[in-house]
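**Q** What follows is a structure written as structure tokens; I'll ask about it next.
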Amino acid sequence: MAKGIPSKRALDVLNRASEVKSEIDFCGEDGGLQKEMYRFAEWLGDHLRLELQREAWEDPVLEMDAEGVALYLHAASWQLPDEEDEYAAFSFFWPNLFSEAPCVQLCLPAGEVFAERGGLLTRLRPKLIRSGFTDSYEGEGDPAPECPLWKNIRLEEFHGESGFDLDSFVAAIIDGFRGLMEVEPLIEDAFRSLPKKPIPVPSERHLKTIAFLDTECEGSGTERRMTELAIVNVAYDAEGDEVVGILEEYCMNFGDALDTTRARGVLERADFIVAHNAFVADRPLVARYLPGAEKLPWLCSYRGIEWKRLLGVQSESLQVLMGKAGLRYQQDHHAHPDARDLKNLLALKRKDRTYLGRLLDGSEAES
């Protein structure tokens with residue numbers, strides 16, 4: 001008889017194999033624990049704004065992926081001019097696989113787009129170091145460059161005989177955010193000093209109006225019901241190949257009644273309507289509620305751009321494309337953030353041509 005091989009601990013695990021697998025599945029990506037962490041982060045965002053007396057800040061931004069769950073809080077004034085997804089933020093990150101401790105983080109845009117980054121870090125680093133923050137990474141690999149300073153919240157410090165001390169854990173997170181609040185005036189000053197980008201005079205540019213559209217629905221087939229509709233009309237400079245800015249928006253959220261007059265007006269003011277998987281999903285659904293909309297000029301960003309050749313992806317889903325392009329993707333799968341995400345993605349340039357320009361090139365070739 002083998003003795004001591006495997007060890008008693010290994011034999012115990014083998015004896016509880018089904019139970020252990022269940023625990024591993026619960027802790028893994030898309031497992032029950034990650035979903036619980038996401039719900040905790042949702043609650044935490046509103047709780048922090050209340051505790052910090054910053055209810056006027058932007059709505060919390062939540063992200064969940066294979067790495068874990070991240071919560072971002074920021075003031076509207078911390079956003080770079082004409083850079084919708086580039087802003088400074090205070091963040092809480094809870095890693096999914098427990099290879100690292102949860103942490104409170106300072107997040108800043110990269111130096112290529114935020115010229116004040118280096119000077120700002122020089123001014124605020126000593127203050128945050130004194131508050132217990134660090135820029136010394138303990139794990140394998142490299143820290144995320146967008147988070148130059150952080151404070152670890154180690155889970156083992158909240159273990160007790162009666163279970164995990166959640167109240168103390170939340171108090172430690174709040175304490176970390178209070179440390180970040182000490183440098184809020186420095187961040188405000190840095191963003192206030194940024195030069196304002198001049199708005200081009202429309203008459204000097206050859207502008208087209210592009211409607212980025214997304215829908216959400218329930219049911220299938222003839223029972224399919226539109227529950228959300230978002231239309232984001234932007235000005236596109238065809239000559240300069242640049243999305244200039246948002247002109248108007250219409251959004252029907254879940255539970256809202258559709259304003260057919262307004263929705264139709266926003267659509268009809270566009271030169272093109274762009275949706276991801278337009279011809280299979282969005283156009284037929286919109287046409288059921290807005291008859292005649294199917295006759296407007298629609299373009300499909302899912303099939304109309306050679307994503308696999310340009311980005312080397314295996315999937316053309318909006319989430320995959322956003323991640324490959326280095327953009328933040330809103331994980332709540334609602335029409336309005338998806339329409340704005342599509343706009344942000346297609347406004348990017350690849351080999352000196354925006355994805356929107358490539359899509360329009362294809363439409364002209366077909367006409």
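**Q** Given the structure, is Thr222 of a type in the set (S, T, N, Q), surrounded by 15 or more Cβ atoms within 10 Å (Cβ to Cβ) and under 25 Å from Arg303 (Cβ atoms)?
**A** Answer is no for this residue.
**Q** Do we find that Arg353 is charged (D, E, K, R), buried (at least 19 other Cβ atoms within 10 Å of the Cβ), at pLDDT 90 or above and over 20 Å from Glu216 (Cβ atoms) in this structure?
**A** No.
**Q** Would you check if there is a residue in the stretch 109-123 being in contact with a strand residue (DSSP E or B) (Cβ under 9 Å, 6 or more places away or on another chain), among the charged types (D, E, K, R), assigned by TED's automatic domain parsing to the domain that holds Asp85 and not in a loop (DSSP other than H, G, I, E, B)?
**A** Looking for residues that are in contact with a strand residue (DSSP E or B) (Cβ under 9 Å, 6 or more places away or on another chain), among the charged types (D, E, K, R), assigned by TED's automatic domain parsing to the domain that holds Asp85 and not in a loop (DSSP other than H, G, I, E, B), one finds none in the stretch 109-123, hence no.
**Q** Show the residue pairs meeting these rules: Cβ distance below 7 Å; 6+ apart or different chains; first residue within the stretch 63-86 and assigned to a strand (DSSP E or B); second residue among the β-branched types (Val, Ile, Thr).
**A** Tyr72/Val61
**Q** Test of understanding: among Val69, Val113, which residue is at pLDDT 80 or above, more than 21 Å from Met181 (Cβ to Cβ), touching a Pro at 6+ places or on another chain (Cβ under 9 Å) and among the β-branched types (Val, Ile, Thr)?
**A** Only one candidate qualifies: Val69.
**Q** Which residue pairs have Cβ atoms closer than 7 Å, lie 6 or more positions apart in sequence or on different chains, and pair a first residue in the stretch 295-321 that is assigned by TED's automatic domain parsing to the domain that holds Arg264 with a second residue that is aromatic (Phe, Trp, Tyr) and assigned to a loop (DSSP other than H, G, I, E, B)?
**A** Short answer, once both residue conditions are applied: Glu316/Tyr302; Gln319/Tyr329.
**Q** Of Gly323, Gly362, which residue is more than 22 Å from the chain's Cα centre (by Cα), at pLDDT below 85 and either of a type in the set (D, E, K, R) or not in a loop (DSSP other than H, G, I, E, B) (or both)? Quick ask: steps written out before the conclusion?
**A** Working: Gly323 fails: more than 22 Å from the chain's Cα centre (by Cα).
From the options Gly323, Gly362, the qualifying one is Gly362.
**Q** What's the total number of residues in the stretch 261-277 that are among the aliphatic types (A, V, I, L, M) and in a loop (DSSP other than H, G, I, E, B)?
**A** Initial filter on the stretch 261-277 (among the aliphatic types (A, V, I, L, M)): 263, 266-267, 270, 273-275.
Next, only the ones that are in a loop (DSSP other than H, G, I, E, B) stay: 270.
Counting residues in the stretch 261-277 that are among the aliphatic types (A, V, I, L, M) and in a loop (DSSP other than H, G, I, E, B) gives 1.
**Q** What's the number of the condition Glu216 fails, among (1) under 24 Å from Glu83 (Cα atoms); (2) assigned to a strand (DSSP E or B)?
**A** Every listed condition holds for Glu216 apart from (1).
**Q** Sticking with this one: In the stretch 87-122, what count of residues is obtained for those that are under 21 Å from the mean Cα position of the chain (by Cα) and surrounded by fewer than 19 Cβ atoms within 10 Å (Cβ to Cβ)?
**A** Residues of the stretch 87-122 that are under 21 Å from the mean Cα position of the chain (by Cα), as a first pass: 87-97, 102-114.
Of the ones still in play, those that are also surrounded by fewer than 19 Cβ atoms within 10 Å (Cβ to Cβ) are 95, 97, 110-113.
So the count comes out to 6.
**Q** If we keep just the residues of the stretch 56-81 that are acidic (Asp, Glu) and in contact with a strand residue (DSSP E or B) (Cβ under 7 Å, 6 or more places away or on another chain), which is surrounded by the most Cβ atoms within 10 Å (Cβ to Cβ)? It would help to see each step written out before you state the result.
**A** Residues of the stretch 56-81 that are acidic (Asp, Glu), as a first pass: 58-59, 63, 65, 67.
Still in the list and also in contact with a strand residue (DSSP E or B) (Cβ under 7 Å, 6 or more places away or on another chain): 63, 67.
On the way: Glu63: 18, Glu67: 16.
By that ranking, first place goes to Glu63.
The values are calculated or read from the model by the stated rules, or taken from the named source; none is laboratory data. What you see is a predicted model, and the numbers here were worked out from it, not measured in a lab. Neighbour counts run over all protein chains shown; Cβ positions are idealised from the backbone, glycine included.
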